Protein chains: 2
Amino acid sequence: MAEIINVSAIAKTEKEKLKSRILTYKAEGKPVPTLATVLVGEDPGSVYYLEMQKKNLEALGGTMLKITLAEDTSEEDLLSMIGELNGDDKVHGIMVLFPLPKHINEERVAESISKDKDVDGVNPINIGLLASTSGGVAPCTPSSVVEILKNIHGELKGKHAVIIGRSNIVGKPLIQLLLREHMTVTVCHSRTSNLPMMARSGEILISAMGRPLMIDEKYVSEGATVIDVGTSELDGKIVGDCDLESVLQKAAYATKVPGGVGTLTTTILIRTLLDLYDESFRK
Amino acid sequence: MAEIINVSAIAKTEKEKLKSRILTYKAEGKPVPTLATVLVGEDPGSVYYLEMQKKNLEALGGTMLKITLAEDTSEEDLLSMIGELNGDDKVHGIMVLFPLPKHINEERVAESISKDKDVDGVNPINIGLLASTSGGVAPCTPSSVVEILKNIHGELKGKHAVIIGRSNIVGKPLIQLLLREHMTVTVCHSRTSNLPMMARSGEILISAMGRPLMIDEKYVSEGATVIDVGTSELDGKIVGDCDLESVLQKAAYATKVPGGVGTLTTTILIRTLLDLYDESFRK
């Protein structure tokens with residue numbers, strides 16, 4: 001029987017754990033975990049996202065320091081603001097919202113965020129450590145995918161996952177996270193020959209392309225788990241990469257969009273914040 | 001008809017190109033490309049490797065600055081030596097030979113090598129840039145594999161490669177290099193279920209396990225290209241991961257060991273040195 005994965009329930013359990021971690025910090029007289037966010041300009045999507053992230057974080061007992069800079073802020077001023085946050089003991093995580101205005105070099109900005117506060121894992125040092133050690137910081141979306149897979153399957157070792165998409169925020173860090181779970185990993189993308197056949201070779205299929213409703217039952221092996229990381233707008237509605245009804249003809253488990261992976265990411269971002277927080281007291 | 005890939009011929013062609021690049025530098029009055037190598041202790045394998053690398057580099061018109069430190073050199077002294085080389089304008093590439101004695105933290109050493117001189121791609125910044133941009137530095141062995149594949153196939157786009165092994169010096173950087181070529185990539189390892197079947201799913205198979213003669217025709221699809229990156233000692237002889245005779249019953253092309261990938265790596269290291277050299281004059 002095909003089952004739609006209840007990601008909200010996974011998020012709820014995770015939130016309880018985070019809440020009790022923060023209560024413990026308070027009982028120990030430690031400071032309130034604080035996430036600094038930096039938005040350049042007023043992109044409505046980013047504004048909405050930050051409001052939601054702030055509410056989530058405060059509900060768990062943390063705080064958010066929201067910094068908004070004018071659209072025409074110079075790169076120099078942005079870098080100096082990040083430098084201040086890097087040096088501020090009361091800030092445990094820093095998130096700069098991308099994309100940035102065109103006059104600002106995103107690579108330089110990513111490199112400027114202290115690796116110890118880089119909650120989104122954008123600093124190349126963290127990407128490198130993620131790829132070569134047991135450390136580093138992974139972005140919240142691929143981490144959420146792993147959390148969902150662990151919930152469904154328990155042990156992932158030896159299973160074969162096919163990822164469609166090789167972006168820096170989902171596909172590529174996901175390769176590293178799945179290898180850490182000792183999974184066999186195949187990475188497909190727009191240039192892959194015979195994509196449906198490749199996709200069917202996996203017991204687990206993760207689609208992160210942003211191609212609305214492209215994945216149907218032809219891409220899914222019998223009994224597979226399908227995680228949909230795509231979000232696109234189609235006829236005014238938010239849809240995923242998967243045609244869910246068709247996918248469920250073959251899959252044993254699948255996530256929906258909306259109400260799937262995205263339901264967990266803001267919570268996992270807070271978990272990363274608390275991990276960096278813990279680490280800062282170990283030093 | 002199965003063919004053993006003539007890697008020496010590929011190395012020869014590559015050497016000619018490097019030689020003429022260095023001649024051009026000289027004609028332009030630029031300094032001699034210089035690789036600094038740092039060996040702590042006297043491991044005979046490393047001593048032999050450095051002698052060979054020196055001969056190769058000098059034959060092409062470059063120079064090597066060979067630094068040997070005592071086995072009991074402190075981490076602090078090693079880091080300060082690397083700091084000097086980082087600041088020395090006459091040095092264009094730095095290679096520290098691993099493994100280091102146990103009292104020295106290899107991660108700290110890797111991080112200390114200037115990313116602009118990190119000829120072996122060990123600094124996590126370079127690993128991160130390799131995984132997230134078109135920049136970064138790849139170690140010479142995976143780069144050699146790509147060079148061989150390009151020689152055999154020309155265009156690699158859309159082809160499916162299976163890598164066996166996920167080490168930091170071969171398997172993991174190779175994922176990134178093959179994705180840059182727009183290949184579909186599968187990574188297998190010791191925990192992979194049904195390894196022969198997974199291996200057979202690729203048109204290209206790259207084995208980098210170090211398990212002597214483990215790969216036979218059961219792992220190879222008809223007409224595949226097989227690249228053997230393994231080197232092990234068996235009964236006093238150097239052998240690869242592949243039982244070549246068996247592999248050639250299925251493969252169209254295969255490399256041998258010795259006389260395969262290893263024949264090209266020292267040349268590709270020099271190419272990386274020259275790339276860093278060029279980059280240093282662009283800044």
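Based on what the data block shows, is A:T192 part of a loop (DSSP other than H, G, I, E, B) and either of a type in the set (S, T, Y) or closer than 25 Å to B:G171 by Cβ (or both)?
Numbers: part of a loop (DSSP other than H, G, I, E, B): yes; either of a type in the set (S, T, Y) or closer than 25 Å to B:G171 by Cβ (or both): yes.
Yes, satisfied.
Checking the conditions here, which among B:G230, B:G236 is within 23 Å of A:A131 (Cα to Cα) and not aliphatic (A, V, I, L, M)?
Values: B:G236 fails: within 23 Å of A:A131 (Cα to Cα).
Every option except B:G230 fails the conditions.
Against the definition (surrounded by 24 or more Cβ atoms within 10 Å (Cβ to Cβ), free of Cβ contacts under 8 Å to residues at least 60 places away in the same chain and touching a Ser or Thr at 6+ places or on another chain (Cβ under 9 Å)), how does A:P124 come out, yes or no? I'd like the intermediate steps shown before the answer.
Working: surrounded by 24 or more Cβ atoms within 10 Å (Cβ to Cβ): yes; free of Cβ contacts under 8 Å to residues at least 60 places away in the same chain: yes; touching a Ser or Thr at 6+ places or on another chain (Cβ under 9 Å): yes.
Criteria met by A:P124.
How about region A:161-194: which of its residues are at the interface with chain B (Cβ under 7 Å from one of its Cβ atoms) and touching a helix residue (DSSP H, G or I) at 6+ places or on another chain (Cβ under 7 Å)? Spell out the reasoning first.
Taking region A:161-194 and keeping what is at the interface with chain B (Cβ under 7 Å from one of its Cβ atoms), we get A:166, A:168, A:172, A:175, A:179, A:182, A:184-188, A:191-193.
A:R166, A:N168, A:K172, A:I175, A:T184, A:V185, A:T186, A:V187, A:C188, A:T192, listed by residue number.
Determine which member of the set A:L65, A:L129 is modelled with pLDDT of 95 or more, more than 30 Å from A:S193 (Cβ to Cβ) and away from every other protein chain (no Cβ under 14 Å).
Sole residue among the options that is modelled with pLDDT of 95 or more, more than 30 Å from A:S193 (Cβ to Cβ) and away from every other protein chain (no Cβ under 14 Å): A:L65.
Can you tell me which residue among B:E111, B:E155 is more than 18 Å from B:T34 (Cα to Cα), within 14 Å of chain A (Cβ to nearest Cβ) and in a loop (DSSP other than H, G, I, E, B)?
Numbers: B:E111 fails: in a loop (DSSP other than H, G, I, E, B).
Answer to the check: B:E155.
What number of residues within region B:192-232 are within 24 Å of the chain's Cα centre (by Cα) and of a type in the set (S, T, N, Q)?
4
Just for region B:132-152: of the residues that are within 10 Å of chain A (Cβ to nearest Cβ) and of a type outside the set (V, I, T), which one is surrounded by the fewest Cβ atoms within 10 Å (Cβ to Cβ)? Don't jump to the end; show me each part of the working.
First, pick out the residues of region B:132-152 that are within 10 Å of chain A (Cβ to nearest Cβ): B:132-133, B:135-136.
Narrowing the set further to residues that are of a type outside the set (V, I, T) leaves B:132, B:135-136.
Values: B:S132: 23, B:G135: 14, B:G136: 22.
Taking the candidates together, the pick is B:G135.
So B:T265 fits all but one of (1) under 17 Å from B:S167 (Cβ atoms); (2) part of a loop (DSSP other than H, G, I, E, B); (3) among the hydroxyl-bearing types (S, T, Y); what number is the exception?
Among (1) under 17 Å from B:S167 (Cβ atoms); (2) part of a loop (DSSP other than H, G, I, E, B); (3) among the hydroxyl-bearing types (S, T, Y), the lone unmet condition for B:T265 is (2).
The values are calculated or read from the model by the stated rules, or taken from the named source; none is laboratory data. As the structure is a prediction and not an experimental result, all values here were calculated from the model. Neighbour counts run over all protein chains shown; Cβ positions are idealised from the backbone, glycine included.
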